[in-house]
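J.: One structure, pasted below without further comment.
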């Protein structure tokens, strides 16, 4: 086998709260240092050498995954203002084509944007904004060509197909047309925080600054109310929200405040016929719906619209002319509730399986009784239904085609694992019929558990390559997510963060105890904050796992959270805590994967990184790999694959992305001794 690269240790100490840490790989943060780039290149070469014997397996996996993709396909069109908007893919092309038809689906196609025209010029390409003006004559779109999530906004005249001279660099994902000439967007500060709101008038050389958020704990996003009467400026951190509104009838006016930020109060607003619906946690940890007159929207005028139900977590509201649709979580699963605004009667949209997810869809029309929603599960590809809000009739509009797949060959269920403190952790599983749980059954366990984000049981055709080889695949819905409501999230953050890690370990132990698999056959994966999860559980219970994939992992928790020059750090204080506070410092240190590495046996580990990643800096996974190499007492592989031309999400092209997945799956199969296995 090739010899792994060893990074030179260079003494460096960090002292705070009368505590000193030694970090011999601190120098790997020096992005422009030739020694750093040489080490990263050496790691990539080592990974390529170790994985070279699996080349045929990687190619087989790639072809299998490709065989389950309808390469030429068209999204279900969305109707708005007389046009049908959609995306379509073409075999052999990396990116979708954005198009529309006027009046009828049989009308001539108008291509609005084809990113494939730029694919040869830019190895990485991501479309951020894609917003058509209210009169449908102009398009605002933005592109990122590095993976660093810094976008340039372009404006296109759809009547001629020509670009306007206006270009706006260094933007994020946020932007909304107020009317047909005025466009509101955001830019970031030096810490990559969305902090500035601007108004651009087409044809004018300079944009006008409307707002700057000086508090480093807050960011700003934009959204338009469903009826398009207002653009909302949403100032927020993870604990507190503040909303300002701009009337579309007066695009050059100032934003008007609804209610000033009040620590711990979160609220969002939607306009509906002269009143505002307000989704708020006011006296309601799992949120309730309030209502207030549009003329007096201040908090003292908010009134409950529905009785609060502590067992129902309301996550989103969609008002239509005659109905209100609520996106909810009930018993750990998503739900859709429809309320008739004339009668106040409500009902739930039914689901077909015991483990599933409803997916929000574009519903841009306000004056309609026709509602679209997505439905998906581990065995059901994304399916879009049309739903009549009045008659409750459901119509199948489209199911994403998956060639060479038969849903009846697979089954899914949900079980519960007891956590060490008595909590019950939901786990969703899928396997191919005929697979028998046993200590010899290969098992893939995924986890995330942060920011209240829920990893839903989504269908993934790439996963079939594992299921067809006899794997059981599962997601542990650990604390730190909001699977069981806002309290489930709050029990996995701040000084309760270790619940996320112990929930995952307890889930693995439960699966082993119940005979689903054994440590010799159990592999795990997490990305980003889920990569932190991987690092933490590998330190806590390495004996439970044979291999792990840590994607762009947040490994160096204390050092990162102490460095406010790093993008996003300050805003993360409301998730992890501020280590300038001594209690948080010692708590973060007690689970930081980089700091807790020690001399012992670890499983096989495959680590990914992006040199342009603004969310998890490349040096976190790089330092972790350098350090574990000097400590581990086993002969297992630790591989680092750094994408030198991309960021947090990896490759942008759909074929390039499949090759990345094939490499990771080949690593896991090889670690399990299944490198020669066939589906």
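The values are calculated or read from the model by the stated rules, or taken from the named source; none is laboratory data. Since the model is a prediction, treat every value here as computed from it, not as a measurement. Here Cβ is always computed from backbone atoms with ideal geometry, including for glycine, and neighbour counts include all displayed protein chains.
J.: Counting just the residues of segment 383-401 that are buried (at least 18 other Cβ atoms within 10 Å of the Cβ) and assigned to a loop (DSSP other than H, G, I, E, B), which one comes out nearest to the chain's Cα centre (by Cα)?
T.: 400
J.: Quick one: in segment 638-659, of everything that is modelled with pLDDT of 90 or more and touching a strand residue (DSSP E or B) at 6+ places or on another chain (Cβ under 8 Å), which residue is surrounded by the fewest Cβ atoms within 10 Å (Cβ to Cβ)?
T.: 654
J.: A follow-up question, please. Take segment 402-450 and flag every residue that is in contact with a helix residue (DSSP H, G or I) (Cβ under 7 Å, 6 or more places away or on another chain), exposed (fewer than 15 other Cβ atoms within 10 Å of the Cβ) and at positive phi.
T.: Correct list: 404 only.
J.: Do we find that residue 286 is part of a loop (DSSP other than H, G, I, E, B), surrounded by fewer than 18 Cβ atoms within 10 Å (Cβ to Cβ) and either on the phi < 0 side of the Ramachandran plot or more than 23 Å from the chain's Cα centre (by Cα) (or both) in this structure?
T.: Against the criterion (part of a loop (DSSP other than H, G, I, E, B), surrounded by fewer than 18 Cβ atoms within 10 Å (Cβ to Cβ) and either on the phi < 0 side of the Ramachandran plot or more than 23 Å from the chain's Cα centre (by Cα) (or both)), residue 286 does not qualify.
J.: Scan segment 526-545 and give yes if some residue there is in the same structural domain as residue 619 (by TED's automatic domain parsing), over 29 Å from residue 14 (Cα atoms) and surrounded by 23 or more Cβ atoms within 10 Å (Cβ to Cβ), otherwise no.
T.: yes
J.: Which members of segment 600-632 meet the condition of being surrounded by fewer than 19 Cβ atoms within 10 Å (Cβ to Cβ), modelled with pLDDT of 95 or more and over 17 Å from residue 548 (Cβ atoms)?
T.: Result: 630, single match.
J.: Further, regarding this structure: From the residues in segment 96-123 that are at pLDDT below 95 and assigned to a loop (DSSP other than H, G, I, E, B), which one is nearest to residue 76 (Cα to Cα)?
T.: Of everything passing the filter in segment 96-123, 119 is nearest to residue 76 (Cα to Cα).
J.: Further question on the same structure: Restricting attention to segment 167-183, does a residue exist that is in contact (Cβ under 8 Å) with a residue 24 or more places away in the chain, crowded, with 19+ Cβ neighbours inside 10 Å, touching a strand residue (DSSP E or B) at 6+ places or on another chain (Cβ under 8 Å) and not in a strand (DSSP E or B)?
T.: yes
J.: Tell me the residue from 59, 32 that is loosely packed, with under 14 Cβ neighbours inside 10 Å and closer than 22 Å to residue 676 by Cβ, please.
T.: One residue alone meets the criteria, 59.
J.: Quick one: would you say residue 323 is modelled with pLDDT of 95 or more, surrounded by 18 or more Cβ atoms within 10 Å (Cβ to Cβ), assigned by TED's automatic domain parsing to the domain that holds residue 391 and over 24 Å from the mean Cα position of the chain (by Cα)?
T.: For residue 323, the condition - modelled with pLDDT of 95 or more, surrounded by 18 or more Cβ atoms within 10 Å (Cβ to Cβ), assigned by TED's automatic domain parsing to the domain that holds residue 391 and over 24 Å from the mean Cα position of the chain (by Cα) - is met.
J.: For segment 1-84, give me every one of the strands (runs of 3 or more DSSP E) that falls completely inside it and has 3 or more residues that are modelled with pLDDT under 95 and within 28 Å of the chain's Cα centre (by Cα).
T.: Passing ranges: none, list empty.
J.: Output the number of residues of segment 227-258 satisfying the condition of being surrounded by fewer than 20 Cβ atoms within 10 Å (Cβ to Cβ), in a loop (DSSP other than H, G, I, E, B) and within 23 Å of the chain's Cα centre (by Cα).
T.: 3
Residue-by-condition table, conditions (1) farther than 27 Å from residue 483 by Cα; (2) surrounded by fewer than 16 Cβ atoms within 10 Å (Cβ to Cβ); (3) under 27 Å from the mean Cα position of the chain (by Cα):
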residue	(1), (2), (3)
261	no, no, yes
293	yes, yes, no
298	yes, yes, no
305	no, no, no
319	no, no, yes
333	no, no, yes
336	no, no, yes
